[in-house]
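Structure record follows, encoded as C-alpha cells.
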Amino acid sequence: SSLVPKSLIVNGKGGGHVAIGYHLAKELTSKGHDVTILQNDDVDSSKSPFSSYADLTTTKVLNKPFDDTFTYPFKELEFDFVFDNSSKDPSGPVESVLLKANPAKQRYTFIGSAGIYEKPSSLPHNSQLTEAMPVNSAKPAALFEKALQESSIPHILFRCQYMYGPLCSKHYLDYFTHRIKSSLPVPVPSPGTQIVSLTDVRDVAKQLSKVCDALPPSGSIFNTGTFNDLKHTYMDVANMIGEGLNMKPDIRLYDPNSKTDFPFRASEFFVKSDKSVSELDFDGGIHELRKYIPEIIRSFEQRRPSVDTSKDEAAIKSVV
C-alpha cells in the first residue's frame, strides 16, 4: 500500500460547522494526505464555503444525493481516516449507511456538538463543561455518538461549539455589529459575564487533524476550543466590536429568561478544551477573536445583512 495517508471528509450542506470541511481539507493536505470530500449534491456552490472549493486544488470532491438513494461510493477500509462533519440521527439515510460501511482503517472522527451537554444546575457560574459532563441522550448528535460507541468502528468524538473565521456561514456577531453600528442598544442576558465558547474554525481544523498524528484510543472524546478565545465574556465581545467600530456599545442587561435573538445561550455555555492539548499535542490555537474583529466588521459591511431587532424592546424592559 502507498505511504500516503488517505482521508475522507463527509461534509454537510449548511449549519454552524460546515466550513470545517474546507479548512480540514487544507490542513490534511498540508500533512501530505490524499483528501476526498464527500458531500450532499444539494449544496449551494455559490455560497461560502463551497464557492472557495477551487482553492482545494488537490482535493477530490464527490457530490451525491444525501437521501434514501444514498449508497457508500467507496470500498471498505479505503481510507485511513474519516472525518464525519455531517451526521446527526443514526437512523438517517446517510448515517445508517456510514455506520455499516466500515470506512476507516485507523480512526472515524465524528464532529459533533457540545450542544448535547446538560449542564448540572449545581455547577457554579462560568464552570467549564468537561467531556465527562452528562449529555442529553435524545439529541441527534448524542444518538450518533452512542451508535459509534456501540459499533466496532475505531472512533473519536469531537464536540464543537460556536465558530467564527474565514468562510463560516453563520455570522453570530452580526447581532452586536448591527446594533453598535446603528447606535442601537445591545441587549445582553444578565449578568453579561458569561464566557462564550467561540473559536476560529482554522484552529478547530488543526485540532481535528491532530487525531492522525496522535491516534488517541478509540472512544476518546474531545471538546473543540482554544486558549486564546475561551476567556471572553458576552460584554467583552460587545466591547471588542465597539472598539473595532470606534463606537461605545450601549449594553443593556436583560432577564435571561426573555425570548430574544441573542446569538448565544442566555446561560453560559463554556467548554474546557485542554484535553486535546495534553492528549493530541494540539498547540491550543494560534488565532484570536480580538485580531479578527476588523474582518468580522468588513464582512458585515460587505454582506449588509438584515438584522431583526423587534424583540429588543421587550427584552430591555425585562431588566432584572
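For first residues located in segment 98-119 and farther than 27 Å from Thr130 by Cβ, partners that are of a type in the set (Asp, Glu) and open to solvent by 50 Å² or more (accessible area, probe 1.4 Å) and lie 6+ apart or on another chain with Cβ distances below 8 Å form the pairs Ala101/Glu76; Asn102/Glu76; Pro103/Glu76.
Rundown of residues vs (1) of a type in the set (Ser, Thr, Tyr); (2) closer than 16 Å to Val82 by Cα; (3) surrounded by fewer than 19 Cβ atoms within 10 Å (Cβ to Cβ), yes/no style:
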residue	(1), (2), (3)
Thr130	yes, no, yes
Met133	no, no, no
Pro140	no, no, yes
Glu150	no, no, yes
Ile153	no, yes, no
Cys168	no, no, no
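Within segment 19-37, being assigned to a helix (DSSP H, G or I), open to solvent by less than 10 Å² (accessible area, probe 1.4 Å) and touching a Gly at 6+ places or on another chain (Cβ under 9 Å) holds for one residue alone: Gly21.
Of all residues in segment 289-307, those that are outside any helix (DSSP H, G or I) have Cβ atoms under 7 Å from Cβ atoms of residues that are acidic (Asp, Glu), 6 or more apart or on another chain, in Pro305/Asp174; Val307/Asp174.
Of the residues making up segment 38-51, one or more are of a type in the set (Asp, Glu), open to solvent by 30 Å² or more (accessible area, probe 1.4 Å) and in contact with a strand residue (DSSP E or B) (Cβ under 9 Å, 6 or more places away or on another chain). When Ile297 is tested against (1) surrounded by fewer than 20 Cβ atoms within 10 Å (Cβ to Cβ); (2) in contact with a strand residue (DSSP E or B) (Cβ under 7 Å, 6 or more places away or on another chain); (3) more than 17 Å from Gly225 (Cβ to Cβ), exactly one condition is not met: (2).
The values are calculated or read from the model by the stated rules, or taken from the named source; none is laboratory data. Remember, it's a predicted structure, so these values are computed and weren't measured experimentally. Positions of Cβ are backbone-derived with ideal geometry, glycine not excepted, and every protein chain shown enters the neighbour counts. For accessibility, only protein heavy atoms count, side chains too; no ligands or nucleic acids. Shrake-Rupley method; radii C 1.70, N 1.55, O 1.52, S 1.80 Å.
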